[in-house]
Amino acid sequence: MKPVICLDFDGVLNNYKGYDGDNLGKPKPGAKEFLQELNKDYRITILSARRYTQIIRWLNEHGLWEYVSNVTSFKPPALAYIDDRGIQFNGDYNEILEQLKDFKPYWSE
């Protein structure tokens, strides 16, 4: 069985510039090819606070659902988590506190 890779939805798969209600926007350029490549070796789970039915509909509308195994609002066990707001914890709390002072997701600049 292939290991799970967990992807955040907003800002990873779509053109996200901050919450805009039910408007999920368009897929980021290269999102389909990214999912196709990941799908070769991993089971893909989408993690989001949004309604899973809304995300599944969006994935279907953009021809992406066939690459995804699951959509959930619960953090599943996974080999890795890909998120536009992630900071990797390396065991040093002080380093994390410093990184948080100036943290911005890529799309907010």
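Give the residues of the stretch 1-58 that are in contact with a strand residue (DSSP E or B) (Cβ under 8 Å, 6 or more places away or on another chain), among the β-branched types (Val, Ile, Thr) and not in a strand (DSSP E or B), sorted by residue number.
Val12, Ile55, Ile56
Of the residues Ile87, Ile44, which single one is farther than 18 Å from Asn15 by Cα, modelled with pLDDT of 95 or more and aliphatic (A, V, I, L, M)?
So the residue among Ile87, Ile44 that is farther than 18 Å from Asn15 by Cα, modelled with pLDDT of 95 or more and aliphatic (A, V, I, L, M) is Ile44.
Going residue by residue through the stretch 66-81, is there one that turns out to be in a helix (DSSP H, G or I) and of a type outside the set (Gly, Ala, Ser)?
So far as the stretch 66-81 goes, yes, one or more of its residues are in a helix (DSSP H, G or I) and of a type outside the set (Gly, Ala, Ser).
Does the stretch 43-57 hold any residues that are of a type outside the set (S, T, N, Q), surrounded by 14 or more Cβ atoms within 10 Å (Cβ to Cβ) and within 16 Å of Tyr67 (Cα to Cα), and which are they? Step through it out loud before you land on a result.
Step one: list which residues in the stretch 43-57 are of a type outside the set (S, T, N, Q), which gives 43-44, 46-47, 49-52, 55-57.
Now drop any that are not surrounded by 14 or more Cβ atoms within 10 Å (Cβ to Cβ), which leaves 43-44, 46-47, 50, 52, 55-56.
Once the filter is applied, which keeps residues that are of a type outside the set (S, T, N, Q), surrounded by 14 or more Cβ atoms within 10 Å (Cβ to Cβ) and within 16 Å of Tyr67 (Cα to Cα), the stretch 43-57 yields Arg43, Ile44, Ile46, Leu47, Tyr52, Ile55, Ile56.
Looking only at the stretch 6-30, count how many residues are more than 15 Å from Arg85 (Cα to Cα) and either touching a Gly at 6+ places or on another chain (Cβ under 7 Å) or buried (at least 19 other Cβ atoms within 10 Å of the Cβ) (or both). Talk me through it step by step, then tell me what you get.
Pass one, the stretch 6-30, residues more than 15 Å from Arg85 (Cα to Cα): 20-30.
Next cut, either touching a Gly at 6+ places or on another chain (Cβ under 7 Å) or buried (at least 19 other Cβ atoms within 10 Å of the Cβ) (or both) only: 24, 27.
So the answer is 2.
Among the candidates Asn23, Asn39, single out the residue that is at pLDDT 95 or above and among the polar types (S, T, N, Q).
Details: Asn23 fails: at pLDDT 95 or above.
One residue alone meets the criteria, Asn39.
Would you confirm whether any residue within the stretch 58-80 is without any contact (Cβ under 8 Å) to a residue 40 or more places away in the chain, under 12 Å from the mean Cα position of the chain (by Cα) and under 21 Å from Ser108 (Cβ atoms)?
no
Go through (1) at positive phi; (2) in contact with a helix residue (DSSP H, G or I) (Cβ under 6 Å, 6 or more places away or on another chain) and name the single condition Gly63 misses.
Going through (1) at positive phi; (2) in contact with a helix residue (DSSP H, G or I) (Cβ under 6 Å, 6 or more places away or on another chain) one by one, Gly63 breaks only (2).
I'm told Asn94 meets every condition in (1) touching a Lys or Arg at 6+ places or on another chain (Cβ under 7 Å); (2) over 24 Å from Tyr42 (Cβ atoms) except one. Can you identify the failing condition by its number?
So the condition that Asn94 fails would be (1).
I'm checking my understanding of the structure. Among residues of the stretch 82-105 that are in contact with an Asp or Glu (Cβ under 7 Å, 6 or more places away or on another chain) and part of a loop (DSSP other than H, G, I, E, B), which one is farthest from Ala31 (Cα to Cα)? Reasoning before the result, please.
We begin by selecting, within the stretch 82-105, every residue in contact with an Asp or Glu (Cβ under 7 Å, 6 or more places away or on another chain); these are 82-84, 105.
Subsequent filtering for residues that are part of a loop (DSSP other than H, G, I, E, B) retains 83-84, 105.
Numbers: Asp83: 14, Asp84: 14, Pro105: 18 Å.
So, considering only residues that are in contact with an Asp or Glu (Cβ under 7 Å, 6 or more places away or on another chain) and part of a loop (DSSP other than H, G, I, E, B), the one farthest from Ala31 (Cα to Cα) is Pro105.
Among the residues that make up the stretch 32-43, is at least one of them of a type outside the set (Val, Ile, Thr) and touching a residue at least 40 places away in the same chain (Cβ under 8 Å)?
yes
The values are calculated or read from the model by the stated rules, or taken from the named source; none is laboratory data. Everything quoted here is computed from the prediction, not taken from an experiment. Please note: Cβ atoms are built from the backbone with ideal geometry, for glycine as well, and neighbour counts cover all protein chains shown.
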